[in-house]
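Asks: Got a structure for you, questions after.
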Amino acid sequence: MPACPACGVGLPVRSRVSGDRVCGDCGETQPTCPSCDAGWLVERRGRYGAFLSCVRFPGCDGKAKLQKSA
């Protein structure tokens, strides 16, 4: 399983309060995968631009649109 994308060391675990994944080392929050309970979403780049995809790919095909910042 990959490490936290923010610090590269920690492993995000599910928060009981928010449901998102929180890294134990740096405290960075990662959104939980909508398709599985084991993964979290990381930013990836594809043919049509950036998107969020599950870290368990290809075992899980969960993905979400990246929110555009204003």
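Asks: Could you tell me whether any residue of region 26-43 is more than 11 Å from the chain's Cα centre (by Cα), more than 17 Å from Ala64 (Cβ to Cβ) and free of Cβ contacts under 8 Å to residues at least 40 places away in the same chain?
Replies: yes
Asks: Restricting to region 55-70, count the residues that are free of Cβ contacts under 8 Å to residues at least 40 places away in the same chain, in contact with a strand residue (DSSP E or B) (Cβ under 8 Å, 6 or more places away or on another chain), within 19 Å of Cys4 (Cβ to Cβ) and part of a loop (DSSP other than H, G, I, E, B).
Replies: 3
Asks: List the number of the failed condition for Val17; all other conditions in (1) at pLDDT 80 or above; (2) open to solvent by 60 Å² or more (accessible area, probe 1.4 Å); (3) over 10 Å from the mean Cα position of the chain (by Cα) hold.
Replies: For Val17, the exception is condition (1).
Asks: While we're looking at this one, here's another question. Out of all the residues in region 46-70, which are more than 14 Å from the chain's Cα centre (by Cα) and surrounded by 10 or more Cβ atoms within 10 Å (Cβ to Cβ)?
Replies: Gly59
Asks: Within region 31-40, work out how many residues are modelled with pLDDT under 85 and either of a type in the set (Val, Ile, Thr) or open to solvent by 80 Å² or more (accessible area, probe 1.4 Å) (or both).
Replies: 1
Asks: Across region 4-13, what is the number of residues that are open to solvent by 30 Å² or more (accessible area, probe 1.4 Å) and within 18 Å of Lys63 (Cα to Cα)?
Replies: Count: 1.
Asks: Let me ask something else. Among Glu43, Glu28, which is surrounded by fewer than 12 Cβ atoms within 10 Å (Cβ to Cβ) and touching a Pro at 6+ places or on another chain (Cβ under 9 Å)?
Replies: Only one candidate qualifies: Glu43.
The values are calculated or read from the model by the stated rules, or taken from the named source; none is laboratory data. Computed from a predicted structure; not experimentally measured. Cβ atoms come from the backbone with ideal geometry, glycine included; neighbour counts cover every protein chain shown. Protein only, heavy atoms only, side chains kept; ligands, DNA and RNA dropped before computing areas. Shrake-Rupley method; radii C 1.70, N 1.55, O 1.52, S 1.80 Å.
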